[in-house]
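Just below is one structure, and these are the notes that go with it.
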Amino acid sequence: MKFNAMIVKEEDGKYIRSIEEKDINELPDNDVIINVKYSSLNYKDALSAIGNKGVTKQYPHTPGIDAAGVVYKSKSDKFKEGEEVILTGYDLGMNTPGGFGEYISVPASWVIKKPDNLTLKESMIFGTAGFTAALSIIQLEKYGLTPESGEILVTGATGGVGSMAVAMLSESGYNVVAATGKKEKEEMLKSLGASQIIDRKEIDDESGKPMLKPRWGGVVDTVGGNILVTAIKSLKYGCSATTCGLTKSHELNLTVFPFILRGVNLLGIDSVEQPIEVKENVWNNISQRWNKDYVQQIYQEVSLEQLSEKIDLILKGQIAGRVVVKI
Ligand code: NDP
């Protein structure tokens, strides 16, 4: 059986994207074949689409680390044909053909039954970005974050993870300060519930001081580098920051002082390799705890054919909110 997929090919050191027909027999032999209905665009997909070998080693390749769809064939007792399922992370879209194609073939151990009160499309509006935002909030709360903690900083606030974090934290009653490089998206961030919008330059301290005036009761950082360094130096006593991304930089030039004098915590967030039970728990949280209304204003929907231009934009940091791909 033939189906359409985005294929990234390496030609003379360049990575070319096209939509092509593939045969279902070309997919890896795995427990479950899923007919993908929706996927979503994450920064990592864009890295895979431009030949980043840290993400994808072999080309031709179909990116797409997220997929939501219907089980087409199953060799596993866990899943029946026709069942609605979601999948984020593990090796999907990295070196396993991913959600930017109409069919994927994956181990049953990667797949989650879609929670009843989420549609397939809503699950992909959240996608890895929403999952990562939810995991960041759950971790911060495990380390004591409450609405009484004070101002919570979200960096990269208009990005996929950032916009989800702003909306989810606000809905949970937190006082969210959104840091962005996109002044023109102030209204969007306010409508997601941010109480204050600041320019990301304001939280990119170059003084070199080991600690700064304490301000944040918690931080969801998506960009890394000196912005995360500044945020950690500005955490209040005993408070925590999460780190999930490196859009600004993978470097972290810090001293131990904020940790040993203010008892702050830096919490690493990985959405990819979490045990499946943790993923199920986070997805159930997403479906039950957070109202889905705001996700309606946070996304744009594109076809597989329109996806390539969005990949170029996310690489330039120019996408606000989430891009859902109708497959
Ligand atoms: P997006 O591209 O959607 O968002 C990133 C945002 O960062 C941009 O929208 C922009 O927001 C801001 N930004 C862009 N360039 C810079 C810069 N030079 N300096 C400071 N800020 C910048 O990406 P995602 O939200 O999908 O992912 C964010 C990061 O998290 C990525 O590095 C991604 O790989 C990582 N990630 C990690 C996961 C994990 O499991 N650990 C899971 C998901 C994502 P603004 O203009 O508002 O400042």
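Can you say whether Leu254 is within 16 Å of the ligand (Cβ to nearest atom) and either closer than 25 Å to Gly160 by Cβ or not in a strand (DSSP E or B) (or both), as far as the supplied structure shows? Let's see the steps before the verdict.
On the way: within 16 Å of the ligand (Cβ to nearest atom): no; either closer than 25 Å to Gly160 by Cβ or not in a strand (DSSP E or B) (or both): yes.
No, not satisfied.
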Notebook entry, point to check: Of all the residues that make up the range 196-224, how many are in contact (Cβ under 8 Å) with a residue 40 or more places away in the chain and among the polar types (S, T, N, Q)?
Noted result: 2
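Away from the ligand (no atom under 11 Å from the Cβ), of a type in the set (A, V, I, L, M) and open to solvent by 40 Å² or more (accessible area, probe 1.4 Å): does that describe Leu261?
On the way: away from the ligand (no atom under 11 Å from the Cβ): yes; of a type in the set (A, V, I, L, M): yes; open to solvent by 40 Å² or more (accessible area, probe 1.4 Å): yes.
So Leu261 fits the description; yes.
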Check: So which pairs qualify, if the first residue must be in the range 303-327 and under 16 Å from Lys182 (Cβ atoms), the second must be open to solvent by 30 Å² or more (accessible area, probe 1.4 Å) and of a type in the set (A, V, I, L, M, F, W, C), the Cβ gap must be under 6 Å, and the two must be at least 6 apart or on different chains?
Finding: Ile319/Leu313
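The values are calculated or read from the model by the stated rules, or taken from the named source; none is laboratory data. Just so it is clear, the structure is predicted and the values come from calculations on it, not from any experiment. Methodologically, a virtual Cβ is constructed for each residue, glycine included, from the backbone with ideal geometry; neighbour enumeration extends over all protein chains shown. Only protein heavy atoms, including side chains, enter the accessible area calculation; ligands, DNA and RNA are left aside. Shrake-Rupley method; radii C 1.70, N 1.55, O 1.52, S 1.80 Å.
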